[in-house]
Amino acid sequence: MSDLRACLAGATTYLPEHWVTMSEREAQIAAASDGFTPPPGLITQLTGVTGVHLIDDDQQASDLAVGAARKLMADHGIRSADIDLMIFAAASQDMIEPATSHVVAAKLGLTCPVFDVKNACNSVLNALEITQALIASGRYRTVLITCGEAPSVAARLRVPDAAAFARALPAYGFSDAGAALLWTAQETPRGLPPRGILGCHFAADSAAWPSATVLHGGIASLRRRAGPEATACFRMDSVRLRDSLRTLGRTHLHRALRELGLVFDDFSFIGVHQVALADLDDMCGPDIGIPRDKLIITLPEHGNVASASLPLQLTRALETGRADPGDLIALIGLAAGSSAGLLALRL
């Protein structure tokens, strides 16, 4: 007998060339506001972010996904005809209708079936769970997951006072990125350690959904927003959302590991969605206990790239030899909504 699983065949990310420091971001806020100037260094002090990537004015979320996918396909000699299914997974989207996956597919010249997966910063992680199920069923053998995140567009630059700045502050660490992950169906013969996605476990606290919202939809519409800017931008109740995610992390992650028969020390690399350095301190603290030396910290230089965060860390792990063929790795997602997830994968 053999075990059919989704195995990682390639991973890459695309980062916009336009990178600005937090001091430059503070200057943008001051220039857009009526007399309000952010306290120098406060954003970095509270988030740990020193700079962010910003998409060009003529770019959409789909362009970020396409940039990553084109590189991945070129690097691995993948033709459009080789892909059986393409999933666009992101919190960002070009517009409400159609699904952004169609825009990405058209730009890549794909003719395979496509669809979107959207669950805030866990979008890619949920797409991986779906990919494993579809490949295990035998429906598809080669799946391309693309991601284009442009959360910086939802950051409120024009703030009238310190209170409005505080409500908008988490968004100033938002950064833009694209990612692409290629998955193929492979069978592991009996007697050998299984390769590919070993298991995915998710939990949700949906009552916390009001704690982080963007009321307008689509990068294109955000750029053309009219009326009060506050209704079109990211808003967050940091205390409520963090409490929800900490509870999910404490109660869910160890349960998920027990069901998989694993512990954190089994993994050579652990990717954790990165919003603020203080959150990583919590994840590595006694309640959850992720070993800090298993992490790759991308947040300070690259900011919070939403659901592209885990692919970015995974790509860095592969590039630096922190994750090699045969290694066990874990990807841990935390997202507004709120939800938490853990995926175990053997390369």
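Laid out as a table, the results:
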| read-out | value |
| --- | --- |
| Segment D34-D327, extension gain: residue separation times 0.36 nm, minus the distance between their alpha carbons | 100.1 nm |
| With all protein chains modelled, accessible area of M73 [1.4 Å, Å²] | 20 Å² |
| Lys, Arg +1 and Asp, Glu -1 on Cβ, resulting dipole of segment 287-343 about Cα centre, debye, nearest 20 | 60 debye |
| Beta bridges per DSSP with both ends in the chain, % antiparallel, nearest 5 | 75 percent |
| FRET efficiency estimate (nearest 0.05) - Cβ-Cβ, D56 to T188, R0 30 angstrom | 0.10 |
| Accessible area in square angstrom per residue, segment 14-57, 1.4 angstrom probe | 51 Å² |
| Surface share of carbon and sulfur [accessible, 1.4 angstrom probe, percent] for the chain | 54 percent |
| D_trans [Stokes-Einstein, Kirkwood Rh over alpha-carbon pairs] for the chain, 25 °C, 0.890 mPa s, µm² s⁻¹ | 121 µm²/s |
| Ranked order, K294, K71 - accessible area, probe 1.4 Å, largest first | K71, K294 |
| Relative contact order computed over segment 38-165 (Cα-Cα under 8 Å; 6+ residues apart), in percent | 32 percent |
| Relative contact order of the chain, defined on C-alpha pairs under 8 angstrom at six or more residues apart (%) | 26 percent |
| Neighbourhood charge, 12 Å Cβ-Cβ cut-off, centred on A207 and excluding it, Lys, Arg +1 and Asp, Glu -1 | -1 |
| Length-normalised contact order for segment 146-208 - Cα pairs under 8 Å, 6+ apart - percent | 36 percent |
| In degrees, nearest ten, helix 123-136 long axis to first principal axis of the chain (Cα) | 20 degrees |
| Theoretical ellipticity at 222 nm over the chain - DSSP helices of four or more residues, -39500 (n - 2.57) apiece, nearest 500 | -10000 deg cm²/dmol |
| Cα-based helix-to-principal-axis angle, 22-32 vs the chain, degrees rounded to 10 | 50 degrees |
| From phi via Karplus (6.51, -1.76, 1.60), per-residue ³J(HN,Hα) for segment 142-153 in Hz, x at Gly/Pro | 9, 10, 10, 9, 10, 9, x, 10, 10, x, 4, 5 |
| Full-stretch length increase - D82, K107 - with 0.36 nm per residue and alpha-carbon distance subtracted | 7.4 nm |
| Accessible-area value, W209, 1.4 Å probe, nucleic acids and ligands omitted, Å² | 150 Å² |
| Positive-end residue, segment 48-204 charge dipole about Cα centroid, Cβ charges, pick of L144, Q132, V104 | Q132 |
| Residues of type lysines that K118 reaches as a straight line, Cα spacing below 22 Å, ignoring anything fewer than 8 places off in the same chain | K107 |
| Heavy-atom accessible area per residue - segment 85-159, 1.4 Å, Å² | 35 Å² |
| Within segment 184-202: backbone nitrogen closer than 13 Å to the A133 label point (7 Å, Cα to C-beta) | 200-202 |
| Per-residue HN-Hα couplings for segment 103-112 [Karplus 6.51, -1.76, 1.60; θ = phi - 60°; Hz; x = Gly/Pro] | 5, 4, 4, 5, 5, 8, x, 7, 10, 7 |
| Sequence of T146, T111 when ordered by accessible area, the most exposed leading, probe 1.4 angstrom | T111, T146 |
| Full-extension gain in nm, A9 to D281, via 0.36 nm per residue minus C-alpha separation | 94.7 nm |
| Solvent accessible area, Å² - L318, 1.4 Å probe, full protein context | 60 Å² |
| Volume per residue that the Cα convex hull of segment 26-86 spans, once the total is divided by residue count, Å³ | 147 Å³ |
| Simple Cβ-charge dipole of the chain, Lys/Arg +1 and Asp/Glu -1, about Cα centre, in debye nearest 20 | 560 debye |
| Exposure rank, largest accessible area first [V305, V153; 1.4 Å] | V153, V305 |
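The values are calculated or read from the model by the stated rules, or taken from the named source; none is laboratory data. Values in this document were obtained by computation on a predicted structure and should not be read as measured data. Here the Cβ is made from the backbone with ideal geometry for all residues, glycine too, and neighbour counts use every protein chain on show. Accessible surface areas use protein heavy atoms only, side chains included; no ligands, DNA or RNA. Shrake-Rupley method; radii C 1.70, N 1.55, O 1.52, S 1.80 Å.
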